[in-house]
């Protein structure tokens, strides 16, 4: 069974947890570096998902605009 992809909200919560841990600085440096790397990957994934959502919204807006233009002509 395929692993369920976390939602943007779940990823943002995890990123916030990582930020708090990194700011506290009370972990070994190796662990902090690993968490930083995880945070960078989360941020990249979130950015990609948001870009895909934005593109969907733009496409829907264009479709609605085209539908309105067609309706206005009829």
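The values are calculated or read from the model by the stated rules, or taken from the named source; none is laboratory data. If you're wondering where the values come from, they're calculated on a predicted model, not measured in any experiment. Please note: Cβ atoms are built from the backbone with ideal geometry, for glycine as well, and neighbour counts cover all protein chains shown.
Per-structure values
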{"item": "Filtered residues of the range 16-58 (kept if in a helix (DSSP H, G or I), more than 19 Å from residue 6 (Cβ to Cβ) and in contact with a helix residue (DSSP H, G or I) (Cβ under 7 Å, 6 or more places away or on another chain))", "result": "22, 32"}
{"item": "Residue match in the range 63-74 (condition: over 14 Å from the mean Cα position of the chain (by Cα), exposed (fewer than 12 other Cβ atoms within 10 Å of the Cβ) and not in a helix (DSSP H, G or I))", "result": "yes"}
{"item": "Tally, over the range 44-74, of residues that are under 19 Å from residue 14 (Cβ atoms) and at pLDDT below 95", "result": "0"}
{"item": "Close pairs from the range 1-29: first surrounded by 10 or more Cβ atoms within 10 Å (Cβ to Cβ), partner part of a loop (DSSP other than H, G, I, E, B), Cβ under 7 Å, at least 6 apart", "result": "21/27"}
